[in-house]
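Colleague: Can you read through this structure? Questions will come right after.
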Amino acid sequence: SENDSGLNLGHARTKEQTELMEKILADGVCPFCWEHFEKYHPKPIIKKTDWWIMTENMSPYDGSVIHYIFVYKDHTTLPKDISPEGFLELKKLVDEVVENENVPGGSFLMRFGDTNYTGGSVEHLHAQLIVGGPKTEGAEKIKQKLGYKK
């Protein structure tokens, strides 16, 4: 990350994301901490539970049909810090989306730790649910950084 706010501008994917991250860096806060989240995140909160905020990704991956993020309540970067109840609640949220939106298949990922290893832009634990379309003739893959090759 570039400073104590846990942001990595080098991993921003859109102009909108870069501009917002520059403002957050100037403010010196973590944009995913609950007390700051709604100030910086432009999409509406879909659900707020005891442990998670569920919302649409502000910069969904190109070609995705659904791209939700689940931001953990407490400021942490490591899965070991998620409470057992928090993990169970995350499972319930993902299950609800899959059922309510009739998701036939998708990807669920959680990056953690140092963004220089993950390709992420915010060093505050969050998970993503990404759903694309079905494989068809000529369809391109949705691509996403999950780290760097050694």
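The values are calculated or read from the model by the stated rules, or taken from the named source; none is laboratory data. Since the structure is predicted, the reported quantities are computational estimates derived from the model, not experimental observations. Because the Cβ atoms are built from the backbone with ideal geometry, glycine has one as well, and the counts that use them run over all protein chains shown. What goes into the accessible areas is simple: the full protein's heavy atoms, side chains included, and nothing from ligands, DNA or RNA. Shrake-Rupley method; radii C 1.70, N 1.55, O 1.52, S 1.80 Å.
Colleague: Net charge near residue 109, counting Lys/Arg +1 and Asp/Glu -1 over other residues with Cβ under 14 Å of its Cβ?
Modeller: On the way: positive: 111, 143, 145; negative: none.
Cβ neighbours under 14 Å give a net charge of +3.
Colleague: A follow-up question, please. With unit charges on the beta carbons (Lys and Arg positive, Asp and Glu negative) and the dipole taken about the Cα centre of the chain, which residue among 136, 70, 103 sits farthest to the positive side?
Modeller: So the residue we want is 136.
Colleague: On to the next question. Out of the chymotrypsin sites (Phe, Trp or Tyr not before Pro) in the stretch 20-89, which ones are loop residues according to DSSP with at most 16 other C-beta atoms within 10 Å? Kindly include the intermediate steps, with their values, before the conclusion.
Modeller: Values: sites: 32, 34, 37, 40, 51, 52, 61, 68, 70, 72, 87; in loops: 32, 51, 61.
Hits after loop and neighbour filter: 61.
Colleague: Turning to a different aspect of this structure: Can you give the accessible area of residue 69 in Å² (nearest 10), computed on protein heavy atoms with a 1.4 Å probe?
Modeller: Taking all protein chains as shown, residue 69 has close to 10 Å².
Colleague: Next question. If you place +1 on the Cβ of every Lys and Arg, -1 on the Cβ of every Asp and Glu, and leave all else neutral, what size is the dipole of the chain about its Cα centre, to the nearest 20 Debye? Walk me through the numbers on the way to the answer.
Modeller: Working: 18 positive and 23 negative charges, 104 e Å.
For this selection, approximately 500 debye.
Colleague: With runs of 4+ DSSP H residues as the only contributors, calculate the mean residue ellipticity of the chain at 222 nm using -39,500 (n - 2.57) per run, divided by the residue total and rounded to the nearest 500. Numbers along the way, then the final one.
Modeller: Numbers: 4 runs with 41 residues, N = 150.
It comes out at -8000 deg cm²/dmol, rounded to the nearest 500.
Colleague: Expected output is a single nm value to one decimal: the length gained when fully extending between residue 139 and residue 96, i.e. 0.36 nm times separation in residues minus the C-alpha distance. What is it?
Modeller: On the way: separation 43, 0.36 × 43 = 15.48 nm, distance 2.77 nm.
That works out to 12.7 nm of additional length.
Colleague: Okay, moving on. With a/c under 1.5 counting as rounded, go ahead and sort the chain into rounded, prolate or oblate using the C-alpha gyration tensor (a ≥ b ≥ c being the square roots of the eigenvalues; past the cut-off, prolate if a/b is larger than b/c, else oblate). Mind showing how you got there, number by number?
Modeller: On the way: a/c = 1.57, a/b = 1.19, b/c = 1.32.
Note, shape of the chain comes out oblate.
Colleague: Going by a ≥ b ≥ c, the root eigenvalues of the Cα gyration tensor, does the stretch 92-132 fall in the rounded group (a/c under 1.5), the prolate group (a/b larger than b/c) or the oblate group? Intermediate results must be reported in sequence, preceding the final value.
Modeller: Numbers: a/c = 4.12, a/b = 2.40, b/c = 1.72.
It comes out prolate by the Cα gyration axes.
Colleague: Also, quick follow-up: Just tell me which lysines come within less than 21 Å, Cα to Cα, of residue 145; anything on the same chain fewer than 8 places away is out.
Modeller: The reachable lysines, counting only those whose Cα sits under 21 Å from residue 145, are 15, 135.
Colleague: Let me ask something additional. Residue 39: which lysines have alpha carbons under 18 Å from its alpha carbon, excluding same-chain residues fewer than 8 sequence positions away?
Modeller: 23, 47, 48, 73
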